[in-house]
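Colleague: First the structure, then my questions, so here it is.
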Amino acid sequence: MRSAAGRYRAFHLDQFPLVLFAVVWGGLLLTSGIHYGLLVLMDTLALNAVIQSVVPIVYWMGMSLLTTWVIVKLTRDTYEKPLKELAEATKKVAQGDFSVYVPTMHTADKLDYMDLMIRDFNKMVAELGGIETMKTDFISNVSHEIKTPLAVISNYAQMLKGRSLTDGERNEYLDTILDNVRRLSDLVMNILKLNKIENQVIKPVLQPYDLCGQLSECALLFESAWDEKNLELEFETEDRAVIRADREMLEIVWNNLLSNAVKFTPEGGTVRLHQTTEQDAVVVTVSDTGCGMTRETMSRIFEKFYQGDTSHSAPGNGLGLALALRILEISGGTIAVTSTVGEGSTFTVRLPKEGKPEA
């Protein structure tokens, strides 16, 4: 590591390069030589004293004007022009235009401080544009997810006002309204949970507990769904696997993974829930024999509101896996997915034996 004095010398060598010093020195020698030559010429021509006094004054006045013009031009080209462009670009960004781009003045191998500032500004604008796009998509997705159940509730509420409904029809309409109310409630709760976790309002409460017991409890919650679709469950865990994590948060992860497996597995299919312990981690896999996913779907499956089923025929709002991913991140775990179209999907969760919550 260089000493402070060494860094100081290097800094000043960068600020005052030898090439610039040589140019200034040569310019001063040239102007001084011309001045001396004029004096010798006027003395040789035996010009009167007035002329010999006026010529040097006029000469140095001209040199001063030339030097001033050069300094002004260099300042304008080096600082004033790019600063004006930055000011105009900043004004556009303040007005909501995130497509602005300010070009650097030099090539990548000759960037100066102004170029670095411009490059950082362009990077900042690109980041702001990405955030604005995400915000717009978020609002659009939330609006869509809320609008659909509200429309259903409104339509069925209007139909309930009819006087010629049978008891069976009335109960059917009420069940539909209640289902969509629950859908809205789940959407709002998931948004609130995800927002609190991302803003670290909710922090994991680490405690040792038996993961195998928790997996059994979560699997039993879906017993009626398996019976309804005549699914086969392959459940294989160790007798006991104690981890140190937030029990309530991880329950959200297992319920989301099992819910998706049941949702996308056709009648008569198989759902597998396996748990093993490795040297430094506990591994849980949830597999199904459902429709599977394409590469594009797998690359976006953890995005907020993204649903591989573009028809939205299956219940859900696209927040479950995003929520699961964030919970595992703050718990020190990971999640990965493998899938083949028409054969099914497998989600693999790895958790450290000792909880390592995100700082």
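The values are calculated or read from the model by the stated rules, or taken from the named source; none is laboratory data. Keep in mind that this is a model prediction, so the values were computed, not measured. Cβ coordinates were reconstructed from backbone atoms using ideal geometry, including for glycine residues, and neighbour counts include every protein chain displayed. For accessibility, only protein heavy atoms count, side chains too; no ligands or nucleic acids. Shrake-Rupley method; radii C 1.70, N 1.55, O 1.52, S 1.80 Å.
Colleague: Using a 1.4 angstrom probe on the protein heavy atoms only, could you order Ser32, Ser164 from most to least accessible area? Provide the component values of the computation, followed by the final result.
Modeller: Values: Ser32 60, Ser164 105 Å².
Heavy-atom accessible area, descending, gives Ser164, Ser32.
Colleague: What distance in nm separates the simple spin-label points at Glu232 and Ala49, each placed 7 Å from Cα in the Cβ direction?
Modeller: Between Glu232 and Ala49, the simple spin-label model gives 12.2 nm.
Colleague: R0 = 35 Å: FRET efficiency of Leu150 with Thr276, Cβ-based, nearest 0.05? Don't jump to the answer; show the numbers that get you there.
Modeller: Numbers: r = 45 Å, r/R0 = 1.28.
Efficiency computed from Cβ-Cβ geometry: 0.20.
Colleague: Measure up Lys161/Lys263; Lys73/Lys123; Lys92/Lys123; Lys123/Lys147 against 25 Å on the Cα-Cα distance and list the ones that go over.
Modeller: Numbers: Lys161/Lys263 34 Å; Lys73/Lys123 29 Å; Lys92/Lys123 15 Å; Lys123/Lys147 36 Å.
Lys161/Lys263; Lys73/Lys123; Lys123/Lys147, as the Cα separations exceed 25 Å there.
Colleague: Give, as a single signed number, the net charge of other residues whose beta carbon lies under 12 Å from the beta carbon of Thr285, with Lys and Arg counted +1 and Asp and Glu -1.
Modeller: Working: positive: Arg272, Arg350; negative: Glu234, Glu236, Asp288.
Once positives and negatives cancel, what remains is -1.
Colleague: Return an integer: the convex hull volume of the alpha-carbon atoms of region 215-258, in Å³ per residue. Please list the in-between numbers first.
Modeller: Numbers: hull volume 3.3 nm³, N = 44.
Each residue corresponds to 76 Å³ of Cα convex hull volume.
Colleague: Pick out, in residue order, every one of the trypsin sites (Lys or Arg not before Pro) in region 208-260 that is DSSP loop and has at most 14 other C-beta atoms within 10 Å; say none if there are none.
Modeller: Within region 208-260, the qualifying trypsin sites (Lys or Arg not before Pro) (loop, at most 14 other Cβ atoms within 10 Å) are Arg240.
Colleague: Please compute the net charge surrounding Gly268, taking Lys and Arg as +1 and Asp and Glu as -1 over other residues with Cβ under 11 Å from its Cβ.
Modeller: Here the charged neighbours net out to -1.
Colleague: Follow-up question, since we're still on this one. Order of 292-300, 55-63 by packing, highest average Cβ count within 10 Å first? Don't skip to the end; give the middle numbers.
Modeller: Working: 292-300: 14.2, 55-63: 12.2.
Most protected by this proxy first, the peptides run 292-300, 55-63.
Colleague: Net charge near Glu234, counting Lys/Arg +1 and Asp/Glu -1 over other residues with Cβ under 11 Å of its Cβ? Please report the intermediate quantities before stating the final value.
Modeller: Details: positive: Arg272; negative: Glu232, Glu236, Asp288.
Net charge around Glu234: -2.
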